[in-house]
Structures are given as C-alpha cells and as structure tokens.
C-alpha cells in the first residue's frame with residue numbers, strides 16, 4: 001500500500017507536468033519548441049514506466065486473476081507509443097486536429113491509476129466485478145491508443161490541402177503581370193510561406209505607381225495596413241491623412257456593444273495591423289494620438305487584451321514622433337541637416353553613399369550631443385560610432401571623452417589576452433577587433449586632449465600580450481607619441 005501510494009502520487013505529479021508541457025509545444029522559437037518536445041517525450045516515458053510499475057504491484061499484491069492483468073501487457077505499451085507518436089501533431093496545435101491528440105496522455109493515466117486502486121483495495125474489488133473493470137480500463141486504453149490513426153489522417157489531409165493551395169498560389173502568382181496594379185498584388189500576401197511573401201513585397205516595391213495606387217486603396221478601405229511600412233512608400237502628408245482616416249473607419253465597427261464580452265483574440269490581428277501602421281506613420285512624423293486612443297479604448301473593451309495595447313500607448317510618446325525619420329530613414333534622400341547623427345551613419349556602410357553620408361554627418365549641428373547619446377545606447381550603435389569617431393569633426397567635450405573611453409574600454413576588455421604558453425600573432429588581435437577601431441579611436445581621443453592614461457595602459461597591455469611585429473611596434477608608438 002505504501003509503495004503504491006508513493007508511486008501513485010509521483011505518477012499523478014508527472015501526469016500533471018506532462019499535460020502542461022504537451023499543451024504548449026509551439027510557444028517559442030524552433031529551438032525552444034524542439035526542446036519542449038524532447039522534455040515532453042521524456043516525461044511520457046517516465047510516466048508510463050511508473051504506470052507499469054503500479055500495474056505490476058497491483059497484479060502481484062492485489063490478488064486479482066491473471067486474465068484481468070494480462071491485457072495490460074499489450075494495452076499499456078500501446079498507449080505509451082501512441083502518446084509519444086502524437087507529439088508531432090501537438091507541435092502544430094493551430095492545425096486540425098488541434099489539441100485533441102493529447103487525449104491519450106490525458107485520459108489513459110487516470111484509467112490505469114483507477115485500475116490499480118481497485119486491484120489493491122479489497123472493498124473496491126468486492127464492489128465492482130473484475131470482468132467489468134478489465135473490459136472498461138483496458139478496452140478504453142486500446143480504443144484511446146487507436147485514435148492516433150484518425151488524428152494522423154486529419155493532419156495529413158490538412159497538409160495535402162495546404163500543399164494544393166500553395167501550388168495554386170504559385171501558379172496564379174506566376175501569371176501575375178509584373179506591372180499589375182497594387183491591388184492585384186496584395187491578395188498574394190496571404191500565404192504562410194515567408195519566402196513567397198517576401199517575393200510579393202519585393203515585386204510591389206518595384207511598382208512605379210504604387211504610391212498613387214496605395215492612396216486609392218486607402219480611400220477604398222482595402223489596403224493591408226499590416227504591410228504599410230514594407231511597400232517603400234513615401235510617408236507624405238497625403239498618405240498620413242488617408243491612413244489615419246482608414247484607421248478611424250476600421251475601429252468603429254470593432255467596438256463591442258454595451259454589455260458584450262468577447263475575447264481579445266477575435267480582433268488581435270486587426271489591432272496588430274493598426275499598430276504596425278501607426279508606428280510607421282509616427283516614426284515619420286505623422287502623429288496618430290487620436291487614432292491610437294480610439295484603438296486602445298476598443299482593444300481594452302475585449303477580454304484579456306495583450307501587449308499590443310502597450311504599443312498603442314507608446315505611439316503617443318512625443319519622443320517617438322519622427323524618430324525613424326531622424327535616426328533610421330528608409331532612404332538616403334530623406335536625410336536633412338536636422339537628422340540625427342545615427343541616421344547619417346546608417347548609410348555609411350553603403351559604398352556608393354559612404355562619402356556623402358560622412359559629409360552629411362559632419363554637417364549635423366548637434367552631432368557632439370548625438371554622439372554621446374549613441375555611445376550611451378546599444379552596444380551595436382556605440383560600436384559603429386567608435387569606428388567613425390575620427391571622421392566626424394567632433395569637439396572632444398568632457399561628455400564625449402567619457403562616453404567614448406567607456407566604449408573603448410568595453411571593446412578592449414572583451415578581447416582575448418594570450419598567455420606565455422599560448423602565443424598569438426598581432427594579426428589575430430586585429431582580426432578579433434573585426435572592423436571596430438578602438439585603438440584608432442583611443443589615439444584620436446588622446447590627440448584631442450582627453451585623459452586616456454588608464455585606457456592607453458590597458459591597450460598597451462593588450463598589444464604586448466601578442467607577438468611582436470612592425471605593425472604592433474608602430475601602433476605602440478602611436479598610442480604613446
């Protein structure tokens with residue numbers, strides 16, 4: 001009794017854990033989902049081993065006849081195999097048969113536990129006939145195990161249907177004239193294949209009349225707002241006004257009537273599309289405060305609203321208005337002397353625009369303050385700024401010196417330092433720095449009066465950790481002129 005109780009409690013715990021796991025096998029990225037499936041498989045194996053041990057104890061100590069226990073030799077392993085086999089189906093719960101395949105791992109363990117309780121408790125054996133228990137438990141277990149076949153047939157049918165739809169999509173897309181109007185292209189965006197969707201968007205970006213046709217679709221109300229930022233449109237005042245008008249027209253019918261309660265999932269896709277459109281507009285200086293308030297009020301009227309509500313609040317942040325235009329415009333032609341230094345530097349990597357971008361960066365009146373802001377931001381932006389620091393005609397203010405030295409220290413500290421037993425050539429040090437230039441930036445900071453003694457000493461220690469060479473000696477001389 002004690003052993004059965006302990007095993008039963010442990011089996012119940014594992015049963016609960018594996019149910020939680022198999023019900024959410026697609027909640028993360030591909031690697032996370034694969035790991036979840038592995039955990040689920042391990043939990044199912046442990047659970048069925050515990051169930052097998054319980055049935056063995058029940059058969060030996062429960063004083064039940066062999067015909068009552070023997071079916072378990074077939075039914076229990078078969079159900080375990082079925083529970084493992086449905087993991088592939090549960091990895092795509094949005095497709096038929098949805099979560100129904102988990103019925104095997106959900107229903108069989110309680111049935112087996114009930115059988116074991118009946119076999120071990122004398123009063124239960126006296127109350128319920130053995131033939132009825134055996135037929136009910138093992139018959140139901142076998143029946144549940146066989147459900148994997150119709151479930152797999154349903155999924156295979158869905159796969160065949162999707163394949164046929166994709167084949168039709170490809171055939172129709174092949175017939176589409178490359179100069180077809182925008183509204184003939186947008187229906188092809190409705191595909192789960194990201195590569196094909198990218199091909200559609202690329203084709204749209206080459207349409208010479210896409211701006212005018214987008215305005216027409218916005219007036220008609222059939223423009224896909226989710227893709228507004230991806231069509232390479234010019235965010236002028238006309239697009240701003242027409243998109244805001246469409247946002248106002250779309251939100252009104254979605255507002256639930258007084259007393260109605262509906263789940264947020266019903267309108268989540270529409271909210272995501274609206275958020276994407278507003279973020280693009282606001283990023284290019286088109287304020288959408290009124291529209292975002294209307295959409296927020298509508299979204300919060302549904303049950304359990306999700307994080308898109310916070311995105312609707314964020315587009316009303318004054319700091320977001322025109323941020324994309326200043327810092328990350330889609331086209332070089334959108335830059336101006338009022339643009340942020342980050343915006344000019346985003347085009348320096350283009351060899352055709354390199355010189356123009358640097359010249360424009362040097363014309364930004366606030367470039368010193370912008371440089372300090374960039375150096376205090378993400379590591380990637382700070383890394384880029386340090387690369388072009390000597391080319392920006394900056395004044396070495398105390399704030400700039402401190403921020404640039406902090407970034408130089410971060411980059412130098414992350415580089416491997418060889419030991420005496422592991423000599424490395426100086427060329428490898430340069431390779432480890434990639435295209436970053438903390439040493440050149442350090443030389444520039446020193447030459448412009450920044451207090452760099454600590455960082456210079458750190459750089460010298462790093463250099464001397466690598467093997468001597470003419471280039472290393474030249475760099476050491478530049479660090480200490």
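A short reminder: the numbers here are calculations on the coordinates, not readings from a lab. All figures in this text were calculated on a predicted structure; none of them were measured in a lab. Every residue, glycine among them, receives a Cβ derived from its backbone with ideal geometry; neighbour counts consider all protein chains shown.
Table for the structure above
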| item | result |
| --- | --- |
| Volume per residue of the C-alpha convex hull in region 2-156, rounded to whole Å³ | 95 |
| Extension gain (nm, one decimal) between residue 219 and residue 171, 0.36 nm per residue minus Cα-Cα | 14.2 nm |
| Residue 184/residue 107 FRET efficiency (R0 41 Å; Cβ-Cβ; nearest 0.05) | 0.20 |
| With Cα atoms, 0 to 90° folded angle of helix 30-61 axis to the chain main axis | 20 |
| For region 366-479: span of alpha carbons on each principal axis (Å, largest first) | 48, 26, 21 |
| Modelled label reach - residue 304, point 7 Å along Cα→Cβ, region 64-102 residues with backbone N closer than 18 Å | 93-95, 98-100 |
| R0 of 22 Å, Cβ-Cβ distance residue 121-residue 66: FRET efficiency to nearest 0.05 | 0.70 |
| P(r) weight above 29 Å for region 176-321, C-alpha pairs, percent | 19 |
| Angle between the chain longest axis and helix 398-413 axis [Cα atoms, degrees, rounded to 10] | 50 |
| Theoretical FRET efficiency, 1/(1+(r/R0)^6), r = Cβ-Cβ of residue 232 and residue 81, R0 56 Å, to 0.05 | 0.60 |
| 20 Å-binned pair-distance histogram of the chain (Cα, whole percent) | 17, 31, 31, 19, 3 |
| Degrees, to the nearest 10: 268-283 long Cα axis against longest axis of the chain | 10 |
| Relative contact order for the chain, counting Cα pairs under 8 Å that sit 6 or more residues apart, in percent | 7 |
| Region 416-466: radius of gyration and largest Cα-Cα distance (Dmax), Å | 12.1, 38 |
| Extension gain from residue 140 to residue 314, taking 0.36 nm per residue of separation minus the Cα-Cα distance | 57.2 nm |
